[in-house]
Structures are given as C-alpha cells and as structure tokens.
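Q: Right, I'll just put the structure down here and ask away after.
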Amino acid sequence: MASIFQGIGAATSISSSASFDTMKLQFSSPRSISGKKANCVVMRSGGAKMDSGSSRNGGRADQLVTNAVAAKADTPAASTASKPGHELLLFEALREGLEEEMERDARVCVMGEDVGHYGGSYKVTRGLAEKYGDLRVLDTPIAENSFTGMGIGAAMTGLRPIIEGMNMGFLLLAFNQISNNCGMLHYTSGGQFKIPVVIRGPGGVGRQLGAEHSQRLESYFQSIPGIQMVACSTPYNAKGLMKAAIRSDNPVILFEHVLLYNLKERIPDEEYVLNLEEAEMVRPGEHVTILTYSRMRYHVMQAAKTLVNKGYDPEVIDIRSLKPFDLYTIGNSIKKTHRVLIVEECMRTGGIGASLTAAITENFHDYLDAPIMCLSSQDVPTPYAGTLEEWTVVQPPQIVAAVEQLCR
Amino acid sequence: MSISSGPKIIRPITLQPCNRSSDNPILSDHRITTFIGSTRTLRLTQSISSSQRRSASTIVAVSDVAKRKSNKNLLLTKEEGLEVYEDMILGRAFEDMCAQMYYRGKMFGFVHLYNGQEAVSSGFIKLLKKEDSVVSTYRDHVHALSKGVPARAVMSELFGKTTGCCRGQGGSMHMFSAEHNVLGGFAFIGEGIPVATGAAFTSKYKREVLKEADCDHVTLAFFGDGTANNGQFFECLNMAALWKLPIVFVVENNLWAIGMSHLRATSDPAIWKKGPAFGMPGVHVDGMDVLKVREVAKDAIGRARRGEGPTLVECETYRFRGHSLADPDELRDPNEKARYAARDPITALKKYLIESKLASEAELKAIEKKVDEVVEDAVEFADESPVPSRSQLLENVFADPRGFGIGPDGRYRCEDPKFTQGTAQV
C-alpha cells in the first residue's frame, strides 16, 4: 500500500521487532498486585535488561525500528519464513484478539454501526457475525448515545460488550452515557454494579477526512473518573490491549488510529495479553526521553533515524496507557536522560501532552535539566487541504529540531 | 380477543366516577378527548409496517370489559390488595418523612418526592419477580421501596451514611440495588432508558445466545413527560421494538417538568401515540387508580415475558408536591392540584377495599401503623449509622483498582497503604 508518511520508503525491520516480541512474551502475563514487588521489578527491567546488553543496543541503533508502512519486507524471505509467529495487519490483529475473547467467554459481544453484516467500517469485525450470529455481533441503528447506554446496561446485568464507534468522533454523541454512566455508575452504586465495557474506534487525523472525522477525543475523555484509556499502535500491542481491555472489569476506551490499520507485523502464535497500565519501551537511549503514542510513534521513529545519524541517542517510549500514565517507566527514563519531549497528535490545549507535562513536573521536577517540551497538533479544526492538514500535525523535522534544541 | 396482535388502546375499568368535566381551563379540548376519551378519538392513524398486521378494531370499550368481569372482586385478591395498599402507604409515609428530615437538615441536595404517584409504582412493580429489573429517574425512592429495597437502606442512603444502599455515595437520585435489581436512579433525564434497554437486551441475550431457556426477565423503565421529548427515548423505542426486547416503557405523565407544562413543551401531548409510531402498542391509563394501572401492567409485562416485545404505557398521574423540595411550586393552578388531590390513589384504593369487603377499616389502620413504625425505624437506623470514613473515598471508583495506574515507585497506586486511607495521590 502507499506509504502513509511522505518520503518514507524503508521497509519494516522485522528482526528487531521480533526480538523485541520475544522479550515481551516472557513478561506479558498480567501483573498480580498481591505485593510481589520482586516480580514487578523483574518485569520492569525487561527494558533495563536490554540496555545492559550492549551489543544488542548497538545493533538497535542501526536497524531502527518499525515504520508505518505496511511493507514488503526487504529482509530475506527465508529468514521471515522460519521465524515463529504469524504476520498480519493491525486490523486483523484486533480481530484476532476480539475473536479469541469471544471464543473464550460467551458473554463477550459487540455492538455498533455496521459491525455485523458489513464487517465493520475498517473490517475489524469481518466474519464475526457469520460465526457468532446477529445478536452477538449487533448491528445498531445510528443512535450512539442510546446504544452506548444499552451496552452499559447490558454490562451492568452481566454481559461484556464491546461498543464500536464507527469513528471516534461519533462518540461525542455518546458523551452523556460515557461520562455519567460508564465512568460513574460503579461509584454511585457503591460498588454494586461493574461496567466491563470496551469502547473502541478509530480516531486521529487521517488522509484529508475533514475536520469532523479527524478528531482526537482522548483529551475530552481523560477527565472522566472511573474509565481507563489506552491507545494501540502496532499489531502486537493492538491484539494484546484488545484482549486486556475485554478481560478488564473496568470500562476501557481503546483508541485506534485510522492510518495504522494496515500496519503489518509478525506476532506470536501463543496467546498473550498485555498490561493496560504499562507503557512500552520502543527504543532505549541515553540523551532524551521522547514520550508518544499512536501514530506519532512512527513520526518519532522516523525522526529518531535522523537523530541517530546526527549523533543523538533518543529513548522512545510509547506511553500506550493514556489514563492512567505509567509513571514508573516514564520516571525511570527521565531519571536517566533528564530531558523530556512529548510528541502527540492531540490538541495543544488540554490534551494528553498537557496532562503528562503536569504529571511529570509534579513527580520528577528535580530530575529535569531542561523544561519539558511538548509538540502537539495545532489548535485548529483539521483542514481538508492536504498541505494544511500536514501542517496541523507534528512532522518528523519538527521532532528533530525539538530534540536538537533540548539537547543544546 | 388476542392481546398480542398489534397496538390497541385498552380502556381502563371504571371503578370510580371519572372526572368528565369539560370546563377545565388547563385541558384544551383535545386534551379531554384523549384522556377521558371517546372511542372515536382512539383511532390509530399511524402508518403500519407491513410486517405488523393490525386487526381492524381492537379497541375495547369500557362496558365490554365490565361485562366480562362481572364480579369486581376478581380484580385482585385480599392478599394482593393488602400488599398493594401497604406498598402505597409505605411510599407515601416514607416521602413525607423525607420532607421532614430535609427541613430538619438531615438530608441534602436535590430530593424529589413521589407523593401522589404511588399508584404507578405499586401498580407495576408489585407484579414483578425479584429477577426483573427496574430503572428509574431521580424520583426513585418509591420505585426502590416497591422493588423491595429495605426502607432502612434507602433512608440511610438519603442521610449519606455508609449503611445506605449505595454506601452513601449515590444519594437521593442514585438508588441502586444489585440484590433487588434496581438499576438506578439517574440524575439526567432520559439517561436511564438506554440502560433499561441494555438490561432487556441481556435478558434476550441470555435466552438466545447463552441458551438459558427459562430467562424471561422483564425490565421496566420509568420516566416522565419531559423525558418523552428527549432523543434517548425515541432511540430506545426504536431499538426495543426492532429487537423485541422484554421491556415496558412507563411514562409517569404528571403534566409538569419542573415548571414546564407538558402542553407547552410537546407538539402532540398524547405520549401513548408515540408507541405505534415505532411499532409497539401505546396504552394510556389513569395513573391515579392503582387497579387500572395494575391491569394494564399485567398485559404489558405479560407481553414482554412472552417475548412479544415492548409496550409504551402512559400513566396520567400527578405529583402533589413540587418538583423537588427546593421547588416553591407556585406555577401550578391550585384548582388543578385540588382536582388531583381528590383523586388520591391511596384514598381510592382504601375506599375500594372497604366497599368490596376485601379488608376492614381496622386491618388497613393496622397496616398504616406498621408502616409508620417501619419508617420511624428507618430514620432511627439512619441516624445511628456512621458516616463514611475517609478510606471509602477511593474505593469503588474502579471495579479493578489497578485502573489507578502505576506510581513513580513502580507499584500500583492501589497497593499504596494511603490508598485505603483515602489520602493517596491518584
């Protein structure tokens, strides 16, 4: 498929991600909270261990990581074929996770517009209605507020619905239900009812989709008490987060991105579930901590290539959990590098970056050698024209310039 | 007469003289025709979907029904009568006590009382099983009581004590009970209707997907006339009829949404008419008469239980007090209030029970005394209960408290000892 980002031609580097996956695989079981602190530390040092392996570290810098292009890989076909796991696209990974959970628990159901017979507007639910029936994969009328509320009522009475917003922006119509009922009912009922829903959908700036289809709702939802928000960015974490979100008893909003659905990656055959509250170390480094999520991860990694050529060593963390923030991973990184750059697609005002800046300042101020820099989208409605749209979101050259300024 | 062949208007059985005065200043002429109603105005004019054939004239006139049930006493047994009476007395006494307690500074915030509408709650909810669900609005104390939530639990919740049904975290407008399947208690109008639709969806799902063949749980959604103009109402009418969900939509039309008269807010004030527009029966009933409500409720709940789909029931009722305890209630015409006060549902039932020899004056007095004791006991219990401690602050925000995330020290915040003390930084 055509490259998403202008000027990128490089292929997906599979070997590094595969090795990364194996690391993840060992530590990917959900953490217990029964005070086994030693365990937690071991899992955490999954990132640290990679640092101490110097040869691997050197290797990473050169074959920098995943690009956003669903590539034909230019690694030799033979080595691809012999690697464990299977290759798929991000939307297929989401579907795989969804299907595994539906298979595992008959109470898991999907509801949304065009999820059934149409297979989902981004094909995430393709084939599921044929397999599980029209009631389990429910095609709803166009009534976001009401079918979200219906999902919440179903969750309160024992089901585990996944509510799809055809586009995240449509969930603005469901804000009443998401804020008042989804987030609050467990509390206002004194703990009597739980709301194990997953609300998911594609958001973010796409390719000239216009202002209303290019919204980033994470900033609007982040203040709602009682919900968790996660953003997926690779097929691996998409499947893992989908499964984790479905298994969680909390209401979880899973943010997908319109432009990432066709990313290709090799993921393990074995079952794995990721941790909803943890961030992902994408590239360890020494000079600066770059915090990002969703599509901006790929802009950051592209900028990282340039930075490495210029002699910088950025540490890139995909925060994944937008609410709550994984302050442990983030904190450890800051304590090492002392410089923070946040790169996000959210709006400047009141976005995830703004909250993250506040959280970092509060907790790690002493460790900072420079003010936190936050690169966000412009506070403008996303224009239709391609050139204008390009300038509203953060582009790799801006990231390079920001790092250079931070590290002066 | 089949009661499942499409929408029809069931004329209520007249047990007391209907108020047929036409010199009513508030009700314009089309008002009289719909509420008191002659059969000619009850013609359905809505378009009919091809999948639903309606029989030509399914309107049952009063006299027909009266002939079928020659013996009035068959409407309910003595046991049922006393149960309903006790429930209504409990609702009234409880709400009166709430008003007292509010003015004495024991409960706070917005408190919406149900005085005058008891016939709807008792008429419907007393027909339900424990597994059936009830969803209400902010005027929910009596719905919770009718469903079986102990008066102690409700009163404590109103006092904000930790022994309340929601541990003091919900308050007047958020009565929940997992045990009795009361799914709330919602502050915004219309919010509860989708939740009720979801509960009905679960019932259908359990039967058809999880193969629990005997699952016939019904959900009742109670809401007011103001809500009947809200989008969520219409969206849920559509979905419930589309999927034949086992739900009954009960409109408690008390003619006023705070200070907004139903007639000033609604293009077509006949709410029952909106049912057939979506493919379900729309029924209007005198909501000041518990026996009429009960008859209609039996039909509607029966329909839902048999899997025939939803029903919209509009109960014409009235609240004797203001919208809430903060409402000075200056806008409503005193004559209107007097007219409805004369139709007090409790007085009407009492009269019926005595006249049809189902109960004696003494028995009814005994019930009233018992209820008074229950309410006094509830107040005492609530008074003596402890207020929530600080440790309760952070509990119940998440079903899985790991949702508070991982702190800078690497531990989950909920593992922090200060979390249980309620002082942790989350």
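The values are calculated or read from the model by the stated rules, or taken from the named source; none is laboratory data. Keep in mind it's a predicted model, so treat the numbers as computed, not measured. A quick note on method: Cβ atoms are made from the backbone with ideal geometry, for glycine too, and the neighbour counts reach across all protein chains shown.
Q: Please count how many residues of segment A:176-208 are under 21 Å from the mean Cα position of the chain (by Cα), more than 24 Å from B:ARG402 (Cβ to Cβ) and not small (Gly, Ala, Ser).
A: Qualifying residue count for the region: 3.
Q: While we're on this one: Go through segment A:287-387 and tell me which helices (runs of 4 or more DSSP H), entirely inside it, have 2 or more residues that are under 22 Å from B:GLY403 (Cβ atoms) and modelled with pLDDT of 95 or more.
A: Working: elements: A:296-309, A:327-337, A:352-364.
The qualifying helices (runs of 4 or more DSSP H) are A:327-337, A:352-364.
Q: Taking segment A:168-177 as the region of interest, how many residues are within 7 Å of chain B (Cβ to nearest Cβ) and in contact with a Gly (Cβ under 6 Å, 6 or more places away or on another chain)? Before the answer, list the steps.
A: Start the filter on segment A:168-177 by keeping residues that are within 7 Å of chain B (Cβ to nearest Cβ), which leaves A:176-177.
Those still in the list that are in contact with a Gly (Cβ under 6 Å, 6 or more places away or on another chain) too: A:177.
Residues that pass the stated criteria total 1.
Q: Restricting attention to segment A:298-316, does a residue exist that is closer than 23 Å to A:HIS86 by Cα and out of contact with any helix residue (DSSP H, G or I) (no Cβ under 6 Å at 6 or more places or on another chain)? Let's see the steps before the verdict.
A: Start the filter on segment A:298-316 by keeping residues that are closer than 23 Å to A:HIS86 by Cα, which leaves A:298.
Checking which are out of contact with any helix residue (DSSP H, G or I) (no Cβ under 6 Å at 6 or more places or on another chain) leaves us with A:298.
Checked segment A:298-316: at least one residue is closer than 23 Å to A:HIS86 by Cα and out of contact with any helix residue (DSSP H, G or I) (no Cβ under 6 Å at 6 or more places or on another chain).
Residue by residue, here is whether (1) in contact with an Asp or Glu (Cβ under 7 Å, 6 or more places away or on another chain); (2) hydrophobic (A, V, I, L, M, F, W, C); (3) not assigned by TED's automatic domain parsing to the domain that holds B:LEU158 holds:
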site: B:LYS351; (1), (2), (3): no, no, no
site: B:LEU358; (1), (2), (3): no, yes, no
site: B:GLU361; (1), (2), (3): no, no, no
site: B:GLU368; (1), (2), (3): no, no, no
site: B:GLU373; (1), (2), (3): no, no, no
site: B:ASP377; (1), (2), (3): no, no, no
site: B:SER391; (1), (2), (3): no, no, yes
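Q: Something else: Just for segment B:368-426: of the residues that are assigned to a helix (DSSP H, G or I), in contact with a Phe, Trp or Tyr (Cβ under 6 Å, 6 or more places away or on another chain) and aliphatic (A, V, I, L, M), which one is nearest to the other protein chains (Cβ to nearest Cβ)? Full working, then the answer.
A: Filtering segment B:368-426 for residues assigned to a helix (DSSP H, G or I) gives B:368-384, B:390-392, B:401-404, B:413-415, B:417-421.
Imposing the further condition that a residue be in contact with a Phe, Trp or Tyr (Cβ under 6 Å, 6 or more places away or on another chain) reduces the set to B:375, B:382, B:402, B:413-414.
Now restrict to residues that are aliphatic (A, V, I, L, M): B:375, B:382.
Details: B:VAL375: 22, B:ALA382: 15 Å.
Top of the filtered list is B:ALA382.
Q: While we're looking at this one, here's another question. Can you confirm whether segment B:261-276 contains a residue that is in the same structural domain as B:LEU220 (by TED's automatic domain parsing), more than 19 Å from B:ASP225 (Cα to Cα) and of a type outside the set (Lys, Arg)? Walk me through it before giving the result.
A: Filtering segment B:261-276 for residues in the same structural domain as B:LEU220 (by TED's automatic domain parsing) gives B:261-276.
Next cut, more than 19 Å from B:ASP225 (Cα to Cα) only: none.
The answer is no; no qualifying residue exists.
Q: Examine segment A:205-212 for a residue that is crowded, with 21+ Cβ neighbours inside 10 Å and either within 14 Å of chain B (Cβ to nearest Cβ) or not polar (S, T, N, Q) (or both), and state whether such a residue exists.
A: Our first condition is that a residue be crowded, with 21+ Cβ neighbours inside 10 Å; within segment A:205-212, this holds for A:205.
If we keep only those that are either within 14 Å of chain B (Cβ to nearest Cβ) or not polar (S, T, N, Q) (or both) too, we end up with A:205.
So far as segment A:205-212 goes, yes, one or more of its residues are crowded, with 21+ Cβ neighbours inside 10 Å and either within 14 Å of chain B (Cβ to nearest Cβ) or not polar (S, T, N, Q) (or both).
Q: Tell me yes or no: at least one residue of segment A:354-375 is closer than 29 Å to B:TYR412 by Cβ, of a type in the set (S, T, N, Q) and in contact with a Ser or Thr (Cβ under 7 Å, 6 or more places away or on another chain).
A: Step one: filter segment A:354-375 for residues closer than 29 Å to B:TYR412 by Cβ, giving A:354-368, A:372, A:374.
Now restrict to residues that are of a type in the set (S, T, N, Q): A:355, A:357, A:361, A:363.
Applying the additional criterion that residues be in contact with a Ser or Thr (Cβ under 7 Å, 6 or more places away or on another chain) yields none.
Within segment A:354-375 (the criterion being closer than 29 Å to B:TYR412 by Cβ, of a type in the set (S, T, N, Q) and in contact with a Ser or Thr (Cβ under 7 Å, 6 or more places away or on another chain)), the answer is no, since none of the residues qualifies.
Q: Every residue in segment B:204-218 that is within 11 Å of chain A (Cβ to nearest Cβ) and out of contact with any Asp or Glu (no Cβ under 7 Å at 6 or more places or on another chain), please.
A: Kept after step one, since they are within 11 Å of chain A (Cβ to nearest Cβ), are these residues of segment B:204-218: B:204-212, B:215, B:217.
Passing the criteria: B:LYS204, B:TYR205, B:ARG207, B:GLU208, B:VAL209, B:LEU210, B:LYS211, B:GLU212, B:CYS215.
Conditions tested, residue by residue: (1) of a type in the set (D, E, K, R); (2) within 22 Å of B:ARG139 (Cβ to Cβ); (3) assigned to a strand (DSSP E or B).
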| residue | (1), (2), (3) |
| --- | --- |
| B:LYS274 | yes, yes, no |
| B:ALA277 | no, no, no |
| B:ALA297 | no, yes, no |
| B:LEU325 | no, yes, no |
| B:LYS337 | yes, yes, no |
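Q: Please tell me if A:PRO284 is in contact (Cβ under 8 Å) with a residue 40 or more places away in the chain, within 14 Å of chain B (Cβ to nearest Cβ), farther than 20 Å from A:SER377 by Cα and in contact with a strand residue (DSSP E or B) (Cβ under 9 Å, 6 or more places away or on another chain). Walk me through how you get there before you give the answer.
A: Numbers: in contact (Cβ under 8 Å) with a residue 40 or more places away in the chain: yes; within 14 Å of chain B (Cβ to nearest Cβ): no; farther than 20 Å from A:SER377 by Cα: yes; in contact with a strand residue (DSSP E or B) (Cβ under 9 Å, 6 or more places away or on another chain): yes.
It is false that A:PRO284 is in contact (Cβ under 8 Å) with a residue 40 or more places away in the chain, within 14 Å of chain B (Cβ to nearest Cβ), farther than 20 Å from A:SER377 by Cα and in contact with a strand residue (DSSP E or B) (Cβ under 9 Å, 6 or more places away or on another chain).
Q: Could you check segment B:223-241 and list, in sequence order, the residues that are in contact (Cβ under 8 Å) with a residue 60 or more places away in the chain and touching a Phe, Trp or Tyr at 6+ places or on another chain (Cβ under 8 Å)?
A: Across segment B:223-241, the qualifying residues are B:PHE223, B:THR227, B:LEU237, B:ALA240, B:ALA241.
Q: Also: Determine which single condition B:MET107 fails, assuming it passes every other condition in (1) among the hydrophobic types (A, V, I, L, M, F, W, C); (2) more than 17 Å from B:MET175 (Cα to Cα); (3) surrounded by fewer than 24 Cβ atoms within 10 Å (Cβ to Cβ).
A: Looking at each condition in turn, B:MET107 falls short on (2).
Q: Does A:GLN192 count as within 14 Å of chain B (Cβ to nearest Cβ), touching a strand residue (DSSP E or B) at 6+ places or on another chain (Cβ under 8 Å), surrounded by fewer than 23 Cβ atoms within 10 Å (Cβ to Cβ) and in contact (Cβ under 8 Å) with a residue 12 or more places away in the chain? If you could, list the steps in order and put the result at the bottom.
A: Details: within 14 Å of chain B (Cβ to nearest Cβ): yes; touching a strand residue (DSSP E or B) at 6+ places or on another chain (Cβ under 8 Å): yes; surrounded by fewer than 23 Cβ atoms within 10 Å (Cβ to Cβ): yes; in contact (Cβ under 8 Å) with a residue 12 or more places away in the chain: no.
When the stated conditions are applied, A:GLN192 does not pass them.
Q: Let me ask something additional. If we only count helices (runs of 4 or more DSSP H) wholly inside segment B:86-201, which ones have 2 or more residues that are more than 16 Å from the chain's Cα centre (by Cα) and away from chain A (no Cβ under 14 Å)?
A: Here the list reads B:151-159.
Q: Among what's in segment A:320-354 and is touching a residue at least 60 places away in the same chain (Cβ under 8 Å) and within 12 Å of another protein chain (Cβ to nearest Cβ), pick the residue that is surrounded by the most Cβ atoms within 10 Å (Cβ to Cβ).
A: Selected residue: A:ARG320.
Q: Output yes when any residue across segment B:200-209 is of a type in the set (Val, Ile, Thr), surrounded by fewer than 24 Cβ atoms within 10 Å (Cβ to Cβ) and either under 24 Å from A:VAL108 (Cα atoms) or without any contact (Cβ under 8 Å) to a residue 24 or more places away in the chain (or both), and no when none is. Before the answer, list the steps.
A: Taking segment B:200-209 first, the residues of a type in the set (Val, Ile, Thr) are B:202, B:209.
Restricting the remaining residues to those that are surrounded by fewer than 24 Cβ atoms within 10 Å (Cβ to Cβ) gives B:209.
Next, from what is left, pick out any that are either under 24 Å from A:VAL108 (Cα atoms) or without any contact (Cβ under 8 Å) to a residue 24 or more places away in the chain (or both): B:209.
So far as segment B:200-209 goes, yes, one or more of its residues are of a type in the set (Val, Ile, Thr), surrounded by fewer than 24 Cβ atoms within 10 Å (Cβ to Cβ) and either under 24 Å from A:VAL108 (Cα atoms) or without any contact (Cβ under 8 Å) to a residue 24 or more places away in the chain (or both).
Q: Still on this model: Could you tell me whether A:TYR236 is within 14 Å of the chain's Cα centre (by Cα), more than 26 Å from A:GLY386 (Cβ to Cβ) and part of a helix (DSSP H, G or I)? Explain how you work it out, then say what you get.
A: Details: within 14 Å of the chain's Cα centre (by Cα): yes; more than 26 Å from A:GLY386 (Cβ to Cβ): yes; part of a helix (DSSP H, G or I): yes.
In short, yes.
Q: Could you list, in sequence order, the residues of segment A:82-115 that are out of contact with any Lys or Arg (no Cβ under 8 Å at 6 or more places or on another chain) and at pLDDT below 95?
A: If the condition is that a residue be out of contact with any Lys or Arg (no Cβ under 8 Å at 6 or more places or on another chain) and at pLDDT below 95, then A:SER82, A:PRO84 are the ones that fit.
Q: For A:LEU172, indicate whether it is closer than 23 Å to A:HIS257 by Cβ and either among the aromatic types (Phe, Trp, Tyr) or surrounded by fewer than 19 Cβ atoms within 10 Å (Cβ to Cβ) (or both).
A: Working: closer than 23 Å to A:HIS257 by Cβ: yes; either among the aromatic types (Phe, Trp, Tyr) or surrounded by fewer than 19 Cβ atoms within 10 Å (Cβ to Cβ) (or both): yes.
Judged against the criteria, A:LEU172 is a match.
Q: Among the numbered criteria (1) in contact (Cβ under 8 Å) with a residue 40 or more places away in the chain; (2) more than 23 Å from the chain's Cα centre (by Cα); (3) more than 14 Å from every other protein chain (Cβ to nearest Cβ), which one does B:HIS323 miss?
A: Of (1) in contact (Cβ under 8 Å) with a residue 40 or more places away in the chain; (2) more than 23 Å from the chain's Cα centre (by Cα); (3) more than 14 Å from every other protein chain (Cβ to nearest Cβ), only one is false for B:HIS323: (2).
Q: Ok, one more. Return yes or no: is A:GLU256 outside any helix (DSSP H, G or I), buried (at least 21 other Cβ atoms within 10 Å of the Cβ) and not aliphatic (A, V, I, L, M)?
A: Values: outside any helix (DSSP H, G or I): yes; buried (at least 21 other Cβ atoms within 10 Å of the Cβ): yes; not aliphatic (A, V, I, L, M): yes.
Yes, satisfied.
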